[in-house]
Amino acid sequence: MTTNRNVLALSAGEVTRTISGWQDGDGSLAERLANAMSAAICRGELAAGWRLPPERDLAAALAVGRNTVAEAYRRLRARSMVGRRQGSGTWIEPAFASGSPREQVVGAGGHKLKSLDVGGDGHRIDLAAALSKAPPALETMLAAGTPSDLLHHTGYWPLGYPPLRTAVAALFCRRGLPTSEDNVLITSGARQAIALAAFELCRPGDLVALEDPTFPGAIDAFRRVNARISPISMDTALSVGSYAEALQAAPVRALYVMSTVHNPTGRTLSRDQRLDIVRAARQHDVLLIEDETLAELTYDSAPPPLATLAPPQSVITIGSLSKVYWGGLRVGWIRAAPPFIDRLERLKAIVDLSSSAPSQQIAVELLKQHDELRAQRVSELRSRSTLLLDLLAEHLGEWRVSEPRGGLFVWARLPHGSATELAVRASQNGVSVLHGPATSPIGRFDDHVRISFVNEPDTLIEAISRLARAWRGL
C-alpha cells in the first residue's frame, strides 16, 4: 500500500520483527523503543521513505500502551529521524525536522548528514563547532607569502609534499612509533582522511563498529559508503573486555576509535583499555582506525598511538593540524602500512590530485615550532575550559558536566528534557550547541549536549548567558 507521499507502508508486524529484543536496555519503555527503531533506521532495516504503522497498531503488536508508541515517535521526530503530517501518518525521514537550527543536508542512502553547517549565519555564537583563530606564527608566515622554490614545482603530490611527509613521520617516531614517509599520506584535513579510509576499506553492507557517541563526521563517512554501523556504548567507563564483547556479535570490517581525548566525551583510555582494543581487534581480525585529531590537545603527555601495540598491517592512524594550529590549513594525514598507503594514493589522485601545496609548505614550517605552539594552544584551551566549567556551574548548576582532560569540548547531561529541542531554542536565543543525537550512530543521547570552549572569554560569557535563557525557556 502507498500513501499520498508515494512511500510504502510498514506493517506493525514487520516493525516488531525488525526490532526484536527492543525491551532490553535502560530507560523508559518509550526510550527503549525509540532507540531500537533508531538503530534499525541507521542499519537500513527500516528504510528512509517508508511509512510507520499507526500508533494504535504498533502498540497492539508490541503489547504496550498507545502512549508509549506516541512518545517513541515523538522522540524520533526530535532526533529528525521521522516526519509526521496530519492525514499522512509518520514516515522515516532523512531531513532535519522543521525548526532545526541547521540547514537540511542529506547523505547517501537518504541518511541525514551529522556534520555541522560550520559556516554559521553571522548572528549566533557558535558553541557547536570548534572554530578558532590562527596563531600569530601562522599570521606571520601567511604575510610572508609562498616560498619561491615551491612555485618551481607543479604542486601536485598525491601522497603529499615530501618534506611534510617526513616531518609527520618524525612526529610519530618521537612518540615511540617507528615511521618513514612511506607510511604517510597527506590529506585535506582529518575529515578527508576518514572518508578516504572508509571508501577504500568498506563495501556496501560491511559492518563497521563505532563508539557511541562519536565524531559526527565519522558517522557521515561510513554511511556515505553504505556501511552498516554497530555502536559500542560509551555510557559508562569502559571495562576491560568491553570491546571484545562488542566485536564478537557479527563479522566487523573495521573499528573506528578515539582512544586519546575522545570526541565528544573528552575521556582518554587507560593502558589496559588500549590493550583491550588491540587484543579484541586481533582476535576478531578487525582493522583498527585510530583518530588522533585531538590527541595533541591532551593536558598531559599523549599516550603512544595504538599502532605501537599492534602489528603494522592492522592499524590505520589518522591525525590533523586543524585543532592544534588552524582549521583553514586543511592539513591532515593517514599513517598506515606502505601497501595501504599505495592504494590510498590512487584514490587520493581521483579525489583531488593533491592537497594544497602552500598549506603543506606552511605546515612544514609550523611543525618546526610544534612543541612551543602546542604548549601555547593547550594552555589557552585549558584556561577557557576552566572558564566554561565555572560558567556552567553558575548558570546551569543542575547540569551534570565532566571536567575534560584535554580537547575542545565539554559533554554535558541535562537533568530532563530534550537536547534537540534545547538546540532549537538556543539557536533562537543566538547561540548554537550540538545536540547529543548528532554524535550517535543510532540517535541516542537526547539528554546530552556538546559545548565547545574555543571562543574568546567575553564571547563564552555571553554565550552561556544566552544558553541559560534558552534552558529556562523550555
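The values are calculated or read from the model by the stated rules, or taken from the named source; none is laboratory data. All figures in this text were calculated on a predicted structure; none of them were measured in a lab. Cβ atoms come from the backbone with ideal geometry, glycine included; neighbour counts cover every protein chain shown. With ligands, DNA and RNA removed, areas are computed over all heavy atoms of the protein, side chains included. Shrake-Rupley method; radii C 1.70, N 1.55, O 1.52, S 1.80 Å.
Would you call ALA375 closer than 30 Å to MET141 by Cβ, free of Cβ contacts under 8 Å to residues at least 60 places away in the same chain and of a type in the set (A, V, I, L, M)? Write out each step before concluding.
Values: closer than 30 Å to MET141 by Cβ: yes; free of Cβ contacts under 8 Å to residues at least 60 places away in the same chain: yes; of a type in the set (A, V, I, L, M): yes.
The answer is yes for ALA375.
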Looking at segment 22-80, what helices (runs of 4 or more DSSP H) fall wholly within it and have at least 3 residues that are touching a residue at least 60 places away in the same chain (Cβ under 8 Å) and within 23 Å of LEU207 (Cβ to Cβ)?
29-43
Among LEU138, LEU150, which is the only one that is out of contact with any Ser or Thr (no Cβ under 7 Å at 6 or more places or on another chain) and closer than 21 Å to GLY327 by Cα?
LEU138
State whether one or more residues within segment 159-172 are open to solvent by 60 Å² or more (accessible area, probe 1.4 Å) and outside any loop (DSSP other than H, G, I, E, B).
yes
Hits in segment 305-315 - residues which are buried (at least 17 other Cβ atoms within 10 Å of the Cβ) and in contact (Cβ under 8 Å) with a residue 40 or more places away in the chain:
PRO305, LEU306, ALA307
Could you check, for segment 296-305, whether at least one of its residues is more than 20 Å from the chain's Cα centre (by Cα), closer than 23 Å to GLY217 by Cα, among the charged types (D, E, K, R) and not in a helix (DSSP H, G or I)?
no
Check whether at least one residue in segment 107-121 is open to solvent by 20 Å² or more (accessible area, probe 1.4 Å), assigned to a loop (DSSP other than H, G, I, E, B), at pLDDT 80 or above and within 22 Å of ARG425 (Cβ to Cβ), and report yes or no.
no
Would you say LEU422 is open to solvent by 20 Å² or more (accessible area, probe 1.4 Å), assigned to a helix (DSSP H, G or I) and at negative phi?
no
Do we have any residue at all in segment 233-255 that's among the β-branched types (Val, Ile, Thr) and open to solvent by less than 10 Å² (accessible area, probe 1.4 Å)?
no
Every residue from segment 16-43 that is open to solvent by less than 70 Å² (accessible area, probe 1.4 Å) and in contact with a strand residue (DSSP E or B) (Cβ under 7 Å, 6 or more places away or on another chain)
ILE41, CYS42
Would you please list the contacts, defined by Cβ atoms under 7 Å and residues six or more apart or on different chains, that run from a residue in segment 215-233 that is touching a residue at least 60 places away in the same chain (Cβ under 8 Å) to a residue that is basic (Lys, Arg)?
PRO216/LYS114; GLY217/ARG191; ILE219/LYS114; ASP220/LYS114; ARG228/ARG43
With the checklist (1) outside any helix (DSSP H, G or I); (2) surrounded by fewer than 17 Cβ atoms within 10 Å (Cβ to Cβ); (3) not charged (D, E, K, R) in hand, flag the one item ALA375 doesn't pass.
(1)
Quick one: would you say ARG450 is at pLDDT 95 or above, among the basic types (Lys, Arg) and assigned to a helix (DSSP H, G or I)?
no
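Residues are listed down the side, and each one gets a yes or a no for (1) in contact with a Phe, Trp or Tyr (Cβ under 9 Å, 6 or more places away or on another chain); (2) at pLDDT below 95; (3) open to solvent by 30 Å² or more (accessible area, probe 1.4 Å):
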position	(1), (2), (3)
THR317	yes, no, no
TRP326	no, yes, yes
ARG330	no, yes, yes
PRO338	no, no, yes
Neighbours by Cβ (under 7 Å, 6+ apart or cross-chain): first from segment 122-141, closer than 17 Å to ASP458 by Cα and open to solvent by less than 80 Å² (accessible area, probe 1.4 Å); second among the charged types (D, E, K, R) and in a loop (DSSP other than H, G, I, E, B)
ALA130/LYS323
Go through ARG203, ARG191 for me and flag whichever is of a type in the set (D, E, K, R) and under 23 Å from VAL364 (Cβ atoms).
ARG191
For residues in segment 404-419 being in contact with a Leu (Cβ under 6 Å, 6 or more places away or on another chain) and in a loop (DSSP other than H, G, I, E, B), which is least open to solvent (accessible area, probe 1.4 Å)?
GLY407
Restricting attention to segment 427-463, the residues that are more than 21 Å from the chain's Cα centre (by Cα) and crowded, with 24+ Cβ neighbours inside 10 Å number exactly 1
Residues of segment 188-232 classified as among the polar types (S, T, N, Q) and in a strand (DSSP E or B), total:
1
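Give GLU290, GLU345 a once-over and let me know the one that is of a type outside the set (A, V, I, L, M) and open to solvent by less than 10 Å² (accessible area, probe 1.4 Å).
Step by step, each of GLU290, GLU345 is checked, and only GLU290 is of a type outside the set (A, V, I, L, M) and open to solvent by less than 10 Å² (accessible area, probe 1.4 Å).
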Taking the criterion of being surrounded by fewer than 20 Cβ atoms within 10 Å (Cβ to Cβ), at pLDDT 75 or above, of a type outside the set (Phe, Trp, Tyr) and at positive phi, would at least one residue in segment 61-83 satisfy it?
yes
For segment 233-278, what are the residues that are hydrophobic (A, V, I, L, M, F, W, C) and either at pLDDT below 90 or part of a helix (DSSP H, G or I) (or both)?
MET234, ALA237, LEU238, VAL240, ALA244, ALA246, LEU247, ALA249, ALA250, LEU275, ILE277, VAL278
Tally, over segment 182-200, of residues that are more than 22 Å from PRO303 (Cα to Cα) and open to solvent by 10 Å² or more (accessible area, probe 1.4 Å)
7
